[in-house]
Structures are given as structure tokens and as C-alpha cells.
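Contents: one structure, followed by commentary.
The values are calculated or read from the model by the stated rules, or taken from the named source; none is laboratory data. Since this is a predicted model, take the numbers as computed values, not measurements. Reconstructed Cβ throughout: ideal geometry from the backbone, glycine too, with neighbour counts over all protein chains shown.
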Amino acid sequence: MSRTARPVMYAALVLCALLTMLPFAWGVSGSLRSLDEIRSDPGALLPHHLTFGNFTRLFETQGFGRFVVNSVVVALIVVTGNIVAASAAGYALAKLDFAGRRLAFGAVMAAMMVPFTAVFVTQFVITVDLGLADTLAGIALPGAALPLSVFIMRQYALSVPDELLEAARIDGAGEFRIFFRIFLPLAGPAVATITIMSFLNSWNNFVWPLVVAQSMSTYTLPVGLAATSQAAAHVTDYGLLLAGAIVVMLPVLVLFLFLQRYFVQGVAGTGLR
Amino acid sequence: MTASAVPAAGKATAVPKTAARRASRARRAAVAWLFLAPFALVFLVYTAIPTVAALALSLTDIRGADLRTPFAVDFTGVENYLRLFQDETFVRDILNTALFVAVGVPLTMGIGFTLALALNSGISRLRGVLRTVFFAPVVTNVVAVALIWQYAFHMDGTVNKLLGAVGFAGPNWLDDPNLAMPVVILLGVWRNFGIAMVLFLAGLQAVPRDVYEAAALDGAGRWRQLRYITLPLLLPTTLMVSVLLTVFYLQVFDEPYLLTGGGPLGSTESVALYTYRQFGAGEFGMSSAASFVTLALVTVVSVVQFRLLRSRT
């Protein structure tokens, strides 16, 4: 690249980066301003007086602590379910030879294609039938075995050499022992990707928890935050809402900074979120 | 324990006996399906059955109150679908969704591709940081982001303050039927261009360096290299990204629901929002029919994509 073009491109890229970050800056700066300040000068870019009052008020707000706990519980169920279901299924699809394998893999691929909007009504009816409406299990279960996780694990398992597993078979190890003792210890990177991916999916999920959670006791963070914002529509306590937004975003952004390789692999590797 | 049975079966295959071989094959399949069981169960309960059931429900007049007495429901054939396409609201929502796709997909891809090209062309020092920044919107929570956008785009918000500083009187973005949709689309683009960028980057890095070197030796400049090497070689990636985003945007729900609630005057209401509203009103039959229109659109897009991919490669 020519000597003049390079600085121009650097400048353009940095400008784009700043534009991309603007919403984050607005959110953080707004959350650190007092209600009075937001009322008197709603559009100011920076707070005149820094205050953490919105955050303390947030955790005094009824239900907010509950939403945090609910989100964590749902995420734990989802992540555990995905690790168990996907590592087992992915291993079987890649490494076991059995009748119906093509069919099973076809089902995984098809499941990735079914749009959520096409099935959430009947998913909800089934959830009601199972007695899981308005429960954390009902919120977590549909995401507890994501086809994308199975796909990621299968692709990873394909790269594990057959000779390794064959050697164990000759030594008399059974399939379960081979899976737990040989395959799983090797599958660390894939398990990491699945963990991150399914956590992200669960933590940011909005529509499904909105459908299943019917009382404040089962609201997850996004649903609780949306409900709070609708309840506050006339007051528009932006300081409080933005503090809530920061609390919802922060854990994922911090994780993302440290583990972005796995985020990118999971989200963009097969292009699903 | 099944674990010890498998190597025994393995040995049996060494001595060809059909019965033993059949037994070992059955045992292998049983073990495999045991591994698949947790996924298969969730898949059956939450994907396979709901998909078939949704099609069935879309052909009935089922309402929320009928959940306890499913046999009181009447089969009405395609009536729900006929009603849908006579419903002005639904037609408007289809057009809104089409607008979201028509503007959102090219914009998202254009930004993603341009950034990928820039990051791939010898920017070494900042590449990691910039990639992180551009991908960050993808992982952020849409509820949180939508709140921030409401704060920034309201009448006296930050956006209008910035516009005021350069001499423009900013409008009331989210309350104007002509301006709400652009803001909603912008939020969708902001949240998704990072995915396009990362996929294009992966595609660009798969192009062998020596192709460019050979072209440079033959006197091809930057533009000709882009036109005759990069773009053709990136065609499969481009198709994949376009289908992915089309499928995303055909189902758009979070952005309009959270930013505008579908308003003002329905100007940002999408098909997914319509589906959700019918569901909320207890009209499960209509809701399922609307959701099957989405499924049909998504399927058509996917099939066209695979056809295109196969014919090109």
C-alpha cells in the first residue's frame, strides 16, 4: 500500500471503531449521571458529577436481584446441558459407525435451519403441557441442547485421529471409557467454544423467556429490564435503566475481552447466535 | 455393562458369523443412540414435534382458551392463510420486513466487507483491537442496547444534541413514522456487521497469497485484483453471509419490539412481531399460520442459496 493511503486507512478505521463504540459510551456515561442531571440536560455526552447512585438504586429495586439469580440459574442449566448433550452427540456423529447416522446428522442440520418464530407457539403449548410454564426449567430446556453445539463438537471430533480411539478399543476399553478418558480430555477447545456460545445464547435470550416467564419471580435479566423500562415509560428514569443495561452487558463484554477467540468461533464459525 | 461388550463384538467380526455380526451391529447402534439420547430428546420435544404441530395448528381455529380442551378445535384448512393475506396489518408487516431485509442485508454486508478488506490489507498493529471493537456489538444484549438507543435517539437525546452542535435541528426519531424504521434498521446493522466482517475475514485469509503476487507481476493493480481475484474467490462466502443475514432479518423481532414496539402507527412492525401479537391475543391458529409464512420464506431463501452455491462450485 502506498505511503499516503496507509495513514488515511488507519484514520478511517479508528473513526469507524469510535462510531461503533458510541452506544457503549452513551450507556456508561448515562448510567453515571443523576436523574436531575439527565432531566435538565438529557443529551449531554459526559456527566457533570459522577454518581453511582443509579446502581445502588437498581439493586434496591424490587426483583432486580432475583432477575440476576434467575439469569445465572438458567445459564447454568443451559451450559451444563449443552456440554453433556453436545459432547456425547458430537462424538457419536463423528466417531461411531451406526445405522441412522446420516439421518441423525441431517436432523441436527435441519434443527439449525428451523426459525424460532415458526415454532415458539407450539414450544410454548408443549411447555405448558409439561407443567413447565413460568419455571426456570421451562425457560432453560429448549436451549439446553443446541444443534449448533452438536455441530461444533462433531466438527472437532472429526479432527481427532481414529487410530487413537482404535488403539484404546484394541486394549479392551469400552465406548464410554474411550469417550470419558480419551476423547473428552482432548476436546477442551470445543467444550470452551460450546460453553461460551451457549452462555451467550442463554444470557442474551429475550423472546423465549418473555413468552415463558409470566411472573416477576421467573423473569430473567433481559425480560426484567424490558418490563422495568415499560413500567417506567412515563417517568423515564433513564439513569436507572442505563445502569440496568450496563449490568446486563458487562459480564458478557468482560468475558468477550478475554475469550474472544471462542466467541468468534462459536458465533461466526457457523454463523449462528 | 455395555462398555465391555463392544470389544467382544469387535473380536466377533474377525470370525465371520452373520448372526454375531448382526448382533454386534445392533449393539453398536444402541451405544451410539445412547450417546445421542440427550440431544435427541430435546430435539424431538422442542424442534421436531413443535414444527409438525405448528403446521397442524395453523390449519385449525385453535385459540388460547382451547389448550385444556384440544378436541373442541375445528379443522379449518387454509382459512387462516387466506385471512392473513386479506389482513392489511399482515401485508404491511410483510412489506416492513422486506424493507428491513432489502436495506439491512446490503448495508450489513457492505460495512462488514469493507472493514474485512481494510483489516486484511497490511494493518498489523491495530488489527486485533479493531476486530474486537467491531465484533463487540454482536455479543451485547439487545435489551440493554435498545435502552441506550432510546436514550440517545429521543427528542432531547445525545444524537440530536450532536446534530444541534453542527447546526441541525434533530427530529423526534422514534415517534416519526418515516424515521423510526431507519433507526431500527441501523440498530440491526450495528448488531450484525461484526458477524459479516468476521466471516469475510475468514474468506479473505483463505485466498492464497501467491495468486495476488502472480497478478501483481502481470501488472494488475489493487482494483483489478479486487475485481478479478478477491470478489470471484469470495463468492461462496458472500452467498453464505447474505443468506445468513436474510434469515436473521426475516425473523427480526427484538429491535422493533424493544425500540418502538412496532410503532409509530405500525411503521416498524415486522412479521415476527405480528406472530407474537396474534399469540398474545390468544389467536394460536393465526399465529402459527403467520409463523409458517416465515418458515416458508426462510426455506425458499436457503434452497435458492444452496442451488446457487452448487451451480457455482
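Tabulated data
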quantity: Subset of the range A:127-139 [closer than 25 Å to B:Ser58 by Cα and either surrounded by fewer than 20 Cβ atoms within 10 Å (Cβ to Cβ) or outside the structural domain of A:Ser71 (by TED's automatic domain parsing) (or both)]; calculated: A:Val128, A:Asp129, A:Leu130, A:Gly131, A:Leu132, A:Ala133, A:Asp134
quantity: Subset of the range A:34-50 [facing chain B (nearest Cβ under 8 Å) and of a type in the set (A, V, I, L, M)]; calculated: A:Ala44, A:Leu45
quantity: Criterion (over 27 Å from B:Thr114 (Cβ atoms), aliphatic (A, V, I, L, M) and in contact with a Phe, Trp or Tyr (Cβ under 9 Å, 6 or more places away or on another chain)) met by exactly one of B:Leu186, B:Leu147; calculated: B:Leu147
quantity: Total residues in the range A:234-256, condition part of a helix (DSSP H, G or I) and either within 7 Å of chain B (Cβ to nearest Cβ) or on the phi > 0 side of the Ramachandran plot (or both); calculated: 9
quantity: Residue selected from the range A:178-192 under the condition within 11 Å of chain B (Cβ to nearest Cβ) and crowded, with 18+ Cβ neighbours inside 10 Å, by the criterion farthest from A:Leu93 (Cα to Cα); calculated: A:Ile178
quantity: Residue match in the range B:169-179 (condition: buried (at least 21 other Cβ atoms within 10 Å of the Cβ) and in a helix (DSSP H, G or I)); calculated: yes
quantity: In the range B:260-280, residue nearest to A:Thr117 (Cα to Cα) [restricted to those that are touching a residue at least 24 places away in the same chain (Cβ under 8 Å) and more than 11 Å from chain A (Cβ to nearest Cβ)]; calculated: B:Glu269
quantity: Single unsatisfied condition, A:Met113 versus (1) surrounded by 16 or more Cβ atoms within 10 Å (Cβ to Cβ); (2) facing chain B (nearest Cβ under 8 Å); calculated: (1)
quantity: Pairs with Cβ under 7 Å, 6+ apart, first in the range B:70-92 and surrounded by 15 or more Cβ atoms within 10 Å (Cβ to Cβ), second of a type in the set (Asp, Glu); calculated: B:Val73/B:Asp61; B:Val73/B:Asp66; B:Thr76/B:Asp61
quantity: Residues of the range B:140-197 that turn out to be aromatic (Phe, Trp, Tyr), within 8 Å of chain A (Cβ to nearest Cβ) and under 24 Å from the mean Cα position of the chain (by Cα), as a count; calculated: 2
quantity: The one condition in (1) within 9 Å of chain B (Cβ to nearest Cβ); (2) outside any helix (DSSP H, G or I) that A:Leu210 fails to fulfil; calculated: (2)
quantity: Wholly enclosed helices (runs of 4 or more DSSP H) of the range B:198-313 bearing at least 1 residues surrounded by fewer than 23 Cβ atoms within 10 Å (Cβ to Cβ); calculated: B:209-217, B:222-225, B:235-250, B:271-280, B:284-312
quantity: A:Ala227 within 30 Å of A:Val248 (Cα to Cα), among the hydrophobic types (A, V, I, L, M, F, W, C) and in a helix (DSSP H, G or I); calculated: yes
quantity: Single residue of A:Leu15, A:Leu32 found to be at pLDDT 85 or above and over 27 Å from B:Phe193 (Cβ atoms); calculated: A:Leu32
quantity: Subset of the range A:130-160 [modelled with pLDDT under 90 and farther than 23 Å from A:Ile83 by Cβ]; calculated: none
quantity: Conditions (1) in contact (Cβ under 8 Å) with a residue 24 or more places away in the chain; (2) closer than 19 Å to B:Leu147 by Cα; number of the one not met by A:Leu45; calculated: (1)
quantity: Residue in the range A:38-55 that is modelled with pLDDT under 85, among the charged types (D, E, K, R) and part of a loop (DSSP other than H, G, I, E, B) present; calculated: yes
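Results for (1) modelled with pLDDT under 95; (2) assigned to a helix (DSSP H, G or I); (3) crowded, with 23+ Cβ neighbours inside 10 Å, shown as yes or no for each residue.
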residue: B:Val133; (1), (2), (3): yes, yes, no
residue: B:Val143; (1), (2), (3): yes, yes, yes
residue: B:Ala146; (1), (2), (3): yes, yes, yes
residue: B:Gln150; (1), (2), (3): yes, yes, no
residue: B:Met155; (1), (2), (3): yes, no, no
residue: B:Leu163; (1), (2), (3): yes, yes, no
residue: B:Gly188; (1), (2), (3): no, yes, yes
